[in-house]
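Please treat every number below as a calculation from the coordinates, not as lab data. None of the values given here were measured: they were computed from a predicted structure. In this analysis, Cβ positions are derived from the backbone assuming ideal geometry, glycine residues included, and neighbour counts consider all displayed protein chains.
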Amino acid sequence: MTDERGSTRATILDAVIHLNNEQPLKADLFRVPEASDQGLLCTNLRTMSGKRPIFVDHVGSTFFFPYQFIRFIEIHPSEERRALLAAPEGTAGVDEPPEAEIEIDEEFLRRIREV
């Protein structure tokens, strides 16, 4: 996306980048990452508290993170998408069973705790 001056702007705001062995960072993405990409291109890099990371000189620079250094990326839905996903009040979400139907597999939980 370009603005009136022809410069490129980020279209996905406040994505959370979880790097390997590092604290998560917030950034603005230019587009949704695709499987064919070699890495993540972003701008406005900051810590979760909104401060400039110590390894960044200018927050507004463009950054490229190769995917080998990224565990996963959180992209929060926009306000319009969030409104579409919201279930009407008083009803359970489509994918959520009512609380009475939830069964806990105690054997599975026991195996997880042993690991």
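Structure notes:
- Think of the stretch 1-77 as a dipole: +1 on every Lys or Arg Cβ, -1 on every Asp or Glu Cβ, centred on the Cα centre; then among Q38, M48, Y67, M48 lies furthest on the positive end.
- Ranking of I112, I54 by neighbouring Cβ atoms within 10 Å, starting from the fewest: I54, I112.
- At R0 = 25 Å, FRET efficiency that the Cβ-Cβ distance of F108 and F69 yields, to 0.05: 0.15
- Ranking of T43, T11 by neighbouring Cβ atoms within 10 Å, starting from the fewest: T11, T43.
- The order of L29, L109, going from fewest to most other C-beta atoms within 10 Å of their C-beta, is L109, L29.
- Cα shape, the stretch 1-77, gyration tensor, a/c 1.5 rule: oblate
- Computed extension length for T62-N20: 13.1 nm, one decimal, from 0.36 nm per residue of separation with the Cα-Cα distance subtracted.
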